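So the structure is just underneath, and the comments pick up after that.
What follows draws every value from the coordinates through simple rules; no lab data is involved. It should be emphasised that the depicted structure is a prediction, and the values quoted were computed from it without experimental measurement. Note that we place each Cβ from the backbone using ideal geometry, even for glycine, and neighbour counts take in every protein chain shown.
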Amino acid sequence: MRMPRATVQLSVLLVVGIALLQLPAGASAQQSRGDKLAAQPQAAKPAIYDAAADAKTQIAAALAKAKRENQRVLVMFGGNWCGWCHKLHELFKKERTIGKALLYEYQLVLVDIGRFDKHMDVASGYGADLRKAGVPFLTVLDADGKVLANQETGALEAGDRHDPKRVFAFLKKWRAEALDAEKLLSAALARAGAEEKSVFLHLGAPWCSWCRRLEDFVARKEIATILEQDFVDLKIDVDRMTHGKQVAQRIRGSNKGGIPWFAILDGQAKVLATSDGPKGNVGFPVQPHEISHFIGILKKTARRISAEQLDAIEKALEESAAKLKGPTRPGD
């Protein structure tokens, strides 16, 4: 268990004071080479907590993404001064099974508590007693913000580190139940038929950064408001969803060409158009010919979206493309 910093400091001072009283004369000046190295100031670790961030804003953004992706939100309370917080964060990055679990199943939010004087109301609101339990402290929320678990991390330690097996077991226990791609597709098709719309189906996976760009773009309020006039949005996660790969193979007819890949379906699952353009899958459109293909698909399949609204989507894509640098291949 990680004690509050003030308690730790007082305990250390008492222990050191007693030890000095018990040393023979002159012993305090006698240090081995190892002692001297240990006594030297340690380089400050790079900050992992954003001291200027507002926790409620951070968590709200994470909840919105978790809702969209059928994930949990993992809140890690702590501070940049906290050595054990750095240890746990390093484990998150370096242990492959844990890193994958976080990427696939969680939106991670690091909440800075200062010196136990910041965001304590947020912690107490979730039932987390940080002064008693210490930090790092983990809180798991479902996509609606309900607390599923509060975990003091002493129980996840083994000696001078966190036990990867215990941390992974904790993350595995609280992950969301997998969604069924077949059921989601059936529901989307039924809604599209009832509302005289089409289904905008896009394939993605957690490891695919370009998939996230496409998903974030179509989820932007101003874009979603336009698209929802004519389309039912459906994301199929080919890695996390039950039957995800089967649905992708059936609709696409191939597993080649990279992701993101998207298609417009009518209410009977007939493919009206896809992201496969003259030069291949456009993925998240960045190049002029890719943007042109994307807008052409919307013009071909939309019923209610106006020309002015299509122009707004095209302009937004061009602005996004201008901000991007580096590779533009789908699936990179």
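Note on the stretch 162-254: Lys pairs 8 or more places apart or on different chains, Cα atoms under 28 Å apart, count 16. For the peptides 193-203, 312-322, residues were scored by their other Cβ atoms within 10 Å and the scores averaged per peptide; the highest-first order is 193-203, 312-322. Expressed to the nearest 5 percent, the antiparallel share of DSSP beta bridges inside the stretch 181-323 is 60 percent. Which aspartates and glutamates, on any chain, are close to Lys132 with Cα under 15 Å apart, when same-chain ones fewer than 8 places away are left out? Filter leaves Asp117, Asp121, Glu152. Each part reduced to its alpha carbon centroid, the stretch 158-185 and the stretch 263-324 end up 36 Å apart.
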